[in-house]
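Working notes for the structure below.
What follows is calculated from the coordinates using simple rules that are stated; it is not laboratory data. Nothing here was measured: the structure is a model prediction, and the numbers come from that model. Backbone-built Cβ (ideal geometry, glycine too); neighbour counts: all protein chains shown.
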Amino acid sequence: MSSTIVIYSSKYGTTELYANWIAKELKADLKKISEVKSYELIYYDTVIFGAPLYIGKLHQYNQMLNTMMLYPPKLFLIFAVGLKDPSEEYIQVIKKQNNIEDDEVFYFPGKLDYQHLTLLDKFLMRGLKAQIKKHQSLTDEEQRILNSFNHLVDETNRQFILPLIHYVQKNALL
């Protein structure tokens, strides 16, 4: 058993992909959030939680916080997956929208395949598309969203996990 666990929430598989890469690189345990019991966390010094962003919110983040309540780890890291370009400014936005104060947050670009979305997500995307089309000029993110209606937009890359890996290697008890 490792002293590090990677716990993830994934709706369409991209966050799961990143979680697998991180767990493999760190030789960490790996579990879906739905499989984790609070008492299991007593065995881990480092907990890494990954989740997709939906309207700026980390999917199942509150469930993760509740799960850790009894046995908070020495080191807790978060990675978010979405379609924005990774930047320190956007990480600050994620922290603010999710009420994250002291924990380290990493951001990884993901993928979007409109054809494989649920009916509800397609409905939300159509609303977003209507809003985007009103803009005079489009950001790169808005262009990627519009492109996703016609073909898969995939920006996943294993290289994005390296800052998180280095942070854990420097700060965690491996």
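Local charge sum around GLU142 (other residues, Cβ-Cβ under 13 Å, Lys/Arg +1, Asp/Glu -1)?
Residues close to GLU142 contribute a combined charge of +2.
Dimensions of the chain along principal axes (Cα, Å, largest first)?
51, 29, 28
What residues from the stretch 9-35 fall in the zone where the backbone N is under 11 Å from a label point 7 Å along the Cα-to-C-beta line of GLN63?
Of the residues in the stretch 9-35, 9-11, 32-35 have backbone N under 11 Å from the label point off GLN63.
Hey, rough spin-label estimate for ASP85 and ASN147, points 7 angstrom out along Cα→Cβ, what's it come to in nanometres?
So the two model labels end up 1.3 nm from each other.
Could you give the radius of gyration (one decimal) and Dmax (whole number) of the Cα atoms in the stretch 112-154, in Å?
Spelled out, the Cα radius of gyration and Dmax of the stretch 112-154 are 10.1, 29 Å.
Of the peptides 40-49, 91-100, how do they stack up when ordered by the mean number of other Cβ atoms within 10 Å, highest first?
40-49, 91-100
Quick one: if you take sqrt(5λ) for each eigenvalue of the C-alpha gyration tensor of the stretch 40-136, what semi-axes come out, biggest first, whole angstrom?
The equivalent ellipsoid of the stretch 40-136 has semi-axes of 30, 16, 11 Å.
Just add up the charged neighbours of LYS133: K/R +1, D/E -1, any other residue whose Cβ is under 12 Å from the Cβ of LYS133.
+2
Within the stretch 62-96, which residues have the backbone N less than 11 Å from the label spot 7 Å out from ASP140 along Cα→beta-carbon, could you tell me?
Answer for the stretch 62-96: 84-87.
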